Amino acid sequence: MNGAQAVLRVLVELGVDVCFTNPGTSEIHFVAALDSVTEMRGVLTLFEGVATGAADGYGRIAKRPAATLLHLGPGLGNGLANLHNAKRARTPVVNIVGDHASYHRNFDPPLASDIEAVAGSVSKLVTTVGGLGSIVSDTIDAYRGSVAAPQGVSTLIVPADYSWSDGVGTDGLDELKKKIGLAADRTSDGTTGFIFDIVANMLKSSEPTTFLLGGSALTEQGLLAASRIVNSYGAKLLCETFPAVMDRGAGIVPIDRLSYVGEFARAQLAGCKHLVLVGTSDPVSFFAYPNSPSLFRPPECDVQILAGPSEDASGTLSALVEYLGMSKTIPTLQPFARPEMPTGPLTATMVAAVIGATLPEGTIVSDEGNTGSLSAPGSTQGAPPHTWMCLTGGSIGQGLPVATGAAVAAPDQNILCLQADGSALYTIQSLWTQARENLNVTTVLLNNQSYAILKFELDRVDGAIGRRSSSMFELFPPMLDFVSIANGFGVDAVSVNTPEELALHLRRAYSESGPHLIEAILPNGLS
């Protein structure tokens, strides 16, 4: 087999059987290899940022990596924003990037670039194939780099001549697979009991203590354990601002998210003497602001890491419950409660209420509504159990691609994408892939005709918004017609102006197969 066939064959043998692609000439042999390695599903995207974001969404839900296929350094650059988000989400991704043939690079062709440097900014491991003899082991290394703790993006750079050359065998694949030897997320080095003692003493001190959760601590099991701990000692429970994946809804432990806004986040942590980090990092402001500290916690607050972001946070919490003898402590569970259906001219708050009133059990939500969907977490907290995914790295253009990848990973579940008008335009090509693959994604696009988040940020940083600066955040004129855009990509789309219309079309979309887009017109902005 040739090199491209070998790479795909090795990935399939390791359990990677989906590849989100936007290839070019240097990757043509990977495309051709799909005819012989039929177990690999190729999913075509119209923009590299869709491919990388979809791989992120797939990995978050499937709990195993997808591959991407990108064209040289410029193609990788186009996909970089969502690889940044995947890095921050700690999502396993095997990122395949083609390069010029090894002998051709010396002539400095127009598309030549430093691919390793670009990939290194978002990858925990970058491997450049050095020849046919190493292509199998290099592919295994790339896979191992993505799934070994801490999980993340691993980039495999394949020169074109190694892709098209024949003579690669996989006879030693089974032996090489044995050498992967993935280390456990947490080694038993004798320190766990020591850390448990420190946390126990914090809790017993009766001083204000907050558990800040992230990662696997936000699974149903992790939340149950955390609730038992804080209920026994009167501690506080919060989760990181933008979790990659979290379980929520009726019958699951409710938890408030740490606010994005620094003033509110500092208020949530005010008076905290002990901060216990479980699956997350010390909370820091997204940006620096004049006369505001970078860290949200009080300066005198003690910080203890119970489990790092790459560790088994859920298992550590469960072990702490046993250590403290709290396995019979009753956790706090969210009761079932849906919002009442609102009436009147549509507002962002009403959109959130309608979503909470209609959300089906088992729905996976990709939330990039930004300022427009601020009310959605509260309105859906008592809805049937569901999964929520956030904008982890802050690089917008994630919502639609992540929803696309999630739908490939979970084809029998409803995927709801909460999307803002401004951020939708970064990766609107996702709709075409959703239509092509007949994916069950329902997008609610909140249209307030503005980059509202930037207006908000300008007001916080400067405080003075004039007509010239304000116009830079307005998405008119001309007015964007998202229904026509979606229809042009092959997606069923409607525009709604009332809560009743939104509820009607949401229920229809959930009951039908394939993608739908509902444009929610917000004439009064975010109110």
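Given only helices, namely DSSP H runs of n ≥ 4 each adding -39500 (n - 2.57), what is the per-residue ellipticity at 222 nm of the chain, to the nearest 500 deg cm²/dmol? Intermediate results must be reported in sequence, preceding the final value.
Details: 22 runs with 198 residues, N = 527.
It lands at -10500 deg cm²/dmol.
Under a 5 Å amide H cut-off, with hydrogens placed 1.01 Å from N, GLU474 pairs with TYR451 among residues at least 5 apart or on other chains. Computed over the alpha carbons of the range 302-342, Rg followed by Dmax gives 16.2, 47 Å.
Computed from label points 7 Å out along Cα-Cβ, the spacing between ASP302 and SER327 is 2.9 nm.
Quick check on the exposure proxy: order PHE211, PHE287 from fewest to most C-beta atoms within 10 angstrom. If you can, show how the numbers build up before the last one.
Working: PHE211 25, PHE287 12.
Ascending Cβ contact count within 10 Å gives the list PHE287, PHE211.
The count of lysine pairs in the chain whose Cα atoms are under 28 Å apart, excluding pairs fewer than 8 places apart on the same chain, comes to 19.
When each of the peptides 33-45, 67-79, 237-249, 129-141 is scored by how many other beta carbons lie within 10 Å of its residues on average, the order from highest to lowest is 67-79, 237-249, 129-141, 33-45. In a simple Cβ point-charge model (Lys, Arg +1; Asp, Glu -1; nothing else charged), the chain has a dipole of about 1000 debye relative to its Cα centre.
Largest first, the three principal axis extents of the alpha carbons in the range 254-299 are 32, 21, 17 Å in whole numbers. Here the range 192-324 is treated as an ellipsoid with the same Cα gyration tensor; its semi-axes, largest first and in whole Å, are 23, 17, 13.
The string of couplings for the range 104-111 from the Karplus curve (6.51, -1.76, 1.60, θ = phi - 60°) is 7, 4, 4, 8, 6, x, x, 8 Hz, one whole number per residue in order, with x for Gly and Pro.
Proximity of backbone amide H atoms, modeled 1.01 Å from N, is registered between SER495 and GLU519 at under 5 Å, excluding neighbours fewer than 5 places apart on the same chain.
What the phi angles of the range 293-302 give under the Karplus curve with 6.51, -1.76 and 1.60, with θ = phi - 60°, is a coupling list of x, 6, 8, 7, 6, x, x, 8, 6, 7 Hz, glycine and proline written as x.
Strictly greater than 46 Å: what percent of every Cα pair in the chain meets that? Beyond 46 Å sits 15 percent of the P(r) for the chain. What you get for the range 192-324, charging only the Cβ of Lys and Arg (+1) and of Asp and Glu (-1), is a dipole of about 280 debye around the Cα centre.
Taken about its Cα centre, the range 3-178 carries a charge dipole of about 840 debye when Lys and Arg each add +1 at the Cβ and Asp and Glu each add -1 at the Cβ. Ordering LEU14, ALA81, GLY382 by Cα displacement along the dipole of the chain toward the positive end leaves GLY382 in first place; charges were set at the Cβ atoms of Lys, Arg (+1) and Asp, Glu (-1). Taking other C-beta atoms within 10 Å as the exposure proxy, MET472, MET389 rank MET472, MET389 from fewest upward.
Return the Rg/Rh value of the range 348-521, two decimal places, where both radii are evaluated on C-alpha atoms and Rh is the Kirkwood radius. Intermediate results must be reported in sequence, preceding the final value.
Working: Rg = 15.6 Å, Rh = 16.2 Å.
Over the Cα atoms of the range 348-521, Rg/Rh equals 0.96.
Largest first, the extents of the alpha carbon coordinates of the range 1-133 on the three principal axes equal 43, 32, 28 Å. Counting neighbouring beta carbons within 10 Å and listing from fewest to most, the residues CYS301, CYS272, CYS417 come out as CYS301, CYS272, CYS417. What the Cβ-Cβ distance of ILE198 and ALA337 gives, at R0 = 22 Å and to the nearest 0.05, is a FRET efficiency of 0.05. Amide H contacts under 5 Å for HIS104: none, restricted to partners 5 or more places along the chain or on a different chain, H placed in the peptide plane at 1.01 Å from N.
Each reported figure results from applying straightforward, stated rules to the coordinates on display, with no laboratory input. All figures in this text were calculated on a predicted structure; none of them were measured in a lab. Positions of Cβ are backbone-derived with ideal geometry, glycine not excepted, and every protein chain shown enters the neighbour counts.
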